[in-house]
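Below is one structure; the comments refer to it alone.
We did not get these values from a lab; they are worked out from the coordinates using the rules stated. Note that the structure is predicted; figures quoted are calculated from it, not measured. So basically every Cβ, Gly included, is an ideal-geometry build from the backbone, and we count neighbours across all protein chains shown.
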Amino acid sequence: RCGMIAIVGRPNVGKSTLMNALVGQKISITSRKAQTTRHRITGINTIDDAQYVFVDTPGFQTHHSGALNRSLNRAVTSTLSSVDAILFVIEAGRFGPDDQKVLDLIPPSVPTILIANKLDRVNDKHTLYPFMQQMSALREFKEIVPLSAKHPDDIKRLLATLKPYL
Ligand code: GDP
Ligand code: MG
């Protein structure tokens with residue numbers, strides 16, 4: 001199995017932290033040669049028979065305006081249409097207008113997994129279930145995964161969850 005997975009979300013939700021954790025230092029790609037025109041391959045992780053190729057979406061911005069915004073958004077949508085799965089990252093317990101703007105750029109046809117990151121910061125765990133129910137009403141997410149990108153066990157579990165999408 002081999003598949004491409006894009007990680008998207010507004011700034012500061014923990015995309016880079018998650019990407020590094022999913023790829024692991026030893027195999028993350030830093031060479032520009034690994035980049036293609038449609039997307040940047042930021043890392044590959046091979047576990048047993050599964051190869052996860054993580055891609056970046058250059059120019060994924062929500063604060064531009066006008067023609068530039070529309071052009072960038074078309075490029076992003078084009079990249080996102082070509083991947084096998086999308087990880088849409090938010091902060092657990094928080095969903096705001098900037099998150100919505102990113103969600104609006106995700107093609108509904110691509111399997112999308114909602115990652116509610118920074119779970120370690122949620123003090124009252126009882127608030128999590130209603131939050132996740134609220135999130136499930138936004139879009140038909142394939143999975144809703146609350147986790148902490150800084151917890152290796154959560155990362156292992158996420159890789160297993162992603163395997164069927166490769
Ligand atoms: P990006 O802008 O989406 O790429 O976010 P970064 O990966 O740069 O992370 C933004 C900040 O959130 C950094 O200070 C990270 O250390 C922090 N962060 C990321 N993941 C977690 C997490 O699971 N728990 C906590 N407490 N902080 C996190
Ligand atoms: Mg980042």
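What the table shows:
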read-out: Residue pairs, from the table K15/K101; K125/K163; K125/K156; K15/K150; K101/K125; K101/K150, whose Cα atoms sit over 19 Å apart; value: K125/K163; K125/K156; K101/K125; K101/K150
read-out: Nitroxide proxy distance, nm - points 7 Å out along Cα→Cβ at D49 and L166; value: 1.0
read-out: Cα gyration tensor category, rounded, prolate or oblate, for the range 60-129 with a/c compared to 1.5; value: oblate
